[in-house]
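What follows is one structure encoded as structure tokens, with my remarks underneath.
The values are calculated or read from the model by the stated rules, or taken from the named source; none is laboratory data. Keep in mind the model is a prediction, meaning the values are calculated, not measured. Here the Cβ is made from the backbone with ideal geometry for all residues, glycine too, and neighbour counts use every protein chain on show.
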Ligand code: ADP
């Protein structure tokens with residue numbers, strides 16, 4: 001009973017194949033055509049796993065682009081999919097922090113893994129991967145380099161939450177000769193404060209699992225965890241958690257129907 005979960009995100013499109021365990025996965029940039037990206041990720045995952053398309057019994061779509069692909073048997077919100085994926089990977093999960101390309105969310109789970117509450121910021125880039133990418137651009141660093149720069153540095157205070165103002169603030173800090181490492185640590189601190197603000201609006205309970213592309217950065221994970229006062233659980237492939245959750249929901253549906 002093979003199922004596919006396809007998460008068409010604002011930045012990256014992910015596909016996971018599942019039949020009781022993960023059989024394959026793929027990730028492509030979403031670009032300007034979410035439908036094409038969804039199909040490309042799906043076909044790449046099938047090809048990498050050596051599986052024919054006809055073998056897939058249920059395809060579940062999630063992410064902002066889920067409306068664009070007609071091949072989906074079912075569409076589910078990212079909130080439900082991230083919760084399901086995180087609970088599968090870490091059954092002790094009671095809170096999921098997800099930071100993607102253009103939104104961030106904190107999801108509270110009950111003991112069965114169902115969504116009990118959530119809060120989402122999708123209105124501005126602050127506290128999202130986009131914020132990080134813009135700031136890394138100002139520092140002329142890759143996202144990985146930004147993490148390396150921040151390690152052990154004393155964070156400079158970045159007071160603007162707005163991405164546009166924060167960008168100007170950083171240009172000013174560089175002009176004053178403030179070390180890039182201190183600025184990188186300050187950028188991570190700004191994101192952590194934003195996440196703390198969101199987390200304060202749901203009942204944060206351990207264990208806390210961190211998903212989404214920003215979770216690929218160990219230094220930012222450490223700083224967000226420290227801000228929340230918990231150690232974050234990191235999936236091996238944090239960007240695939242939503243697609244995994246979608247595939248799992250499809251698998252559970254098929255299992256119920258048998
Ligand atoms: P979406 O589902 O919205 O497309 P993802 O969860 O796929 O988002 O995450 C994409 C984001 O992950 C990008 O905006 C990028 O900023 C961030 N990202 C990717 N790699 C890294 C990294 N090594 N460090 C920090 N952020 C990263």
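Would you check which residues across region 142-159 are in contact with a helix residue (DSSP H, G or I) (Cβ under 6 Å, 6 or more places away or on another chain) and within 14 Å of the ligand (Cβ to nearest atom) and list them? Answer for region 142-159, where residues must be in contact with a helix residue (DSSP H, G or I) (Cβ under 6 Å, 6 or more places away or on another chain) and within 14 Å of the ligand (Cβ to nearest atom): 143, 146, 147, 149, 150, 151. Of note, residue 228 does not satisfy the criterion of being touching a strand residue (DSSP E or B) at 6+ places or on another chain (Cβ under 7 Å), in the same structural domain as residue 7 (by TED's automatic domain parsing) and touching a residue at least 12 places away in the same chain (Cβ under 8 Å).
To keep it simple, each residue is scored yes or no on (1) in contact (Cβ under 8 Å) with a residue 40 or more places away in the chain; (2) within 21 Å of the chain's Cα centre (by Cα); (3) assigned to a helix (DSSP H, G or I); (4) away from the ligand (no atom under 12 Å from the Cβ).
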| site | (1), (2), (3), (4) |
| --- | --- |
| 4 | yes, yes, no, yes |
| 7 | yes, yes, no, no |
| 14 | yes, yes, no, no |
| 17 | yes, yes, no, yes |
| 24 | no, yes, no, yes |
| 28 | no, yes, no, no |
| 71 | no, no, no, yes |
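The helices (runs of 4 or more DSSP H) located wholly in region 173-258 that include 2 or more residues which are more than 29 Å from residue 141 (Cβ to Cβ) occupy 241-257. Does residue 40 qualify as being touching a residue at least 24 places away in the same chain (Cβ under 8 Å), over 16 Å from residue 244 (Cα atoms), crowded, with 16+ Cβ neighbours inside 10 Å and within 16 Å of the chain's Cα centre (by Cα)? Spelling it out, it is not the case that residue 40 is touching a residue at least 24 places away in the same chain (Cβ under 8 Å), over 16 Å from residue 244 (Cα atoms), crowded, with 16+ Cβ neighbours inside 10 Å and within 16 Å of the chain's Cα centre (by Cα).
This table checks each residue for (1) outside the structural domain of residue 204 (by TED's automatic domain parsing); (2) closer than 30 Å to residue 132 by Cα; (3) at pLDDT 95 or above.
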{"site": "6", "(1), (2), (3)": "yes, yes, yes"}
{"site": "30", "(1), (2), (3)": "yes, yes, yes"}
{"site": "37", "(1), (2), (3)": "yes, yes, yes"}
{"site": "57", "(1), (2), (3)": "yes, no, yes"}
{"site": "71", "(1), (2), (3)": "yes, no, no"}
{"site": "96", "(1), (2), (3)": "no, yes, yes"}
{"site": "112", "(1), (2), (3)": "no, no, yes"}
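When residue 221 is tested against (1) over 14 Å from residue 104 (Cβ atoms); (2) in contact with a strand residue (DSSP E or B) (Cβ under 8 Å, 6 or more places away or on another chain); (3) without any contact (Cβ under 8 Å) to a residue 40 or more places away in the chain, only condition (1) is not met.
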